[in-house]
Amino acid sequence: MTHETTSPRDLERIAWTAQVLGADTTQHRASFDAGFRSYWRTDSSPTRIVMDSPPGLEDVAPWLEIRDLLERGGVRVPEVLASDIEHGFLLLEDLGVNTYLHDLDADNAGALFDGAFVQLAKLQAVTPPAGFPRYDHERLAMEPRLFDEWFCGRHLGMTLDCGEMEMLDAAYLHLVDAALAQPQVLVHRDFMPRNLMRTVTGESPAVIDFQGAVIGPIAYDPASLFKDAFVSWPEGRVQAWLQDYHHRAIAGGLPLPPLDRFLHDVDLMGVHRHLKVLGIFARLNYRDGKPKYLEDAPRFIAYLDVVLPRHPQLAALHDFIQRRVKPAMAERGDAAR
């Protein structure tokens, strides 16, 4: 029997898996994530996925609680076959190897996004329990600060003057106020192709990586779905998909505003998320030693290039990115997308 690694934690996971399956199995890494959690595929029949969520680094309990909440709402989520919460191990059904990110192309995107709409509508209709975390003012205000701290400061080596910081403060406040003014629903926070699994039985996709869910702006997940870290779409298709989602969501009883207002909300929510993601990608590189995410930073600058000119209140932010951020990226050799 061979395994990819044999650290003490690996040996603990292998022993636990053998105990719950009643037989020893070889395990191979099933996916790689930006967090501390890892996933391993067994060679059993049928194959299973072992989630390894080290205690003290990434508590497995919130994942389980939100999984159960989503399942009660009809959302397709991974089935849990065995668990050891204290030690951070779960045995899950194997949903296969293909996420939407693997399979999406220009020809099948419409059909695949239809399935995503079905799951998103169910997720947004879930009523969270009392005390569920909220995307409140403090959290919304903190996230874009990652952009000036980690992306502009640490990655690009920029020193921002008082005027630039005041400009960013005003832009961030505008984005936060717009987010808080939206209808508030359950928000996945990473509802994107990489976190939608094409299941082997072919029904609507299974939703994964939901442990960060909060109550928040209804436009957040639609913005995440179409302005992704790893695949970009022509703006005309994005707008058509957003209109389709809006029509279906309204018909399903979700509390969406009129279409024009919704598209405006998606724009601003996207700007907020893009700034946050740029900061997170830089932090993953410099703090956590995970450089691959920064390769997609130019994609998010391209998203901002499309959206910011539509919003006069963010003209100063647009000018800052054109005048300061993009030249600094070019000097570093960050390729355009």
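The values are calculated or read from the model by the stated rules, or taken from the named source; none is laboratory data. Quick caveat: nothing in here was measured; it's all calculated off a predicted structure. When we count neighbours, we look across all protein chains shown, and the Cβ atoms used for this are built from the backbone with ideal geometry, even at glycine.
In the list LEU123, LEU156, which residue meets the criterion of being more than 21 Å from MET192 (Cα to Cα) and either in contact (Cβ under 8 Å) with a residue 40 or more places away in the chain or in the same structural domain as GLY253 (by TED's automatic domain parsing) (or both)? Lay out the reasoning, then the answer.
Numbers: LEU123 fails: more than 21 Å from MET192 (Cα to Cα).
On inspection, the qualifying residue turns out to be LEU156.
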* Can you name the number of the only condition in (1) more than 16 Å from the chain's Cα centre (by Cα); (2) over 21 Å from TYR135 (Cβ atoms) that LEU294 fails? -> (1)
* Asked: Residues in the range 40-49 that are surrounded by fewer than 19 Cβ atoms within 10 Å (Cβ to Cβ) and either of a type in the set (Gly, Ala, Ser) or closer than 23 Å to ALA61 by Cβ (or both): how many?
  -> 2
* Condition check for ALA229: under 24 Å from ILE301 (Cα atoms), small (Gly, Ala, Ser), at pLDDT below 95 and in contact with a helix residue (DSSP H, G or I) (Cβ under 6 Å, 6 or more places away or on another chain) -> yes
* **Failed criterion for ILE215 (all others in (1) in contact (Cβ under 8 Å) with a residue 60 or more places away in the chain; (2) farther than 19 Å from PHE281 by Cα; (3) touching a Phe, Trp or Tyr at 6+ places or on another chain (Cβ under 7 Å); (4) crowded, with 20+ Cβ neighbours inside 10 Å hold)** => (4)
* Index of the failed condition, ASP107 passing every other in (1) surrounded by 16 or more Cβ atoms within 10 Å (Cβ to Cβ); (2) assigned by TED's automatic domain parsing to the domain that holds TRP241; (3) not polar (S, T, N, Q) -> (1)
* Asked: In the range 9-60, how many residues are in a loop (DSSP other than H, G, I, E, B) and either within 19 Å of LEU81 (Cα to Cα) or in contact (Cβ under 8 Å) with a residue 24 or more places away in the chain (or both)?
  -> 19
* Confirm whether ALA302 is over 22 Å from ASP161 (Cα atoms) and not in a loop (DSSP other than H, G, I, E, B). => yes
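Confirm whether LEU180 is touching a strand residue (DSSP E or B) at 6+ places or on another chain (Cβ under 7 Å) and in the same structural domain as TYR220 (by TED's automatic domain parsing).
Details: touching a strand residue (DSSP E or B) at 6+ places or on another chain (Cβ under 7 Å): no; in the same structural domain as TYR220 (by TED's automatic domain parsing): yes.
Spelling it out, it is not the case that LEU180 is touching a strand residue (DSSP E or B) at 6+ places or on another chain (Cβ under 7 Å) and in the same structural domain as TYR220 (by TED's automatic domain parsing).
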* Got at least one residue in the range 162-171 being among the small types (Gly, Ala, Ser), in a loop (DSSP other than H, G, I, E, B) and either modelled with pLDDT of 95 or more or touching a His at 6+ places or on another chain (Cβ under 6 Å) (or both)? -> no
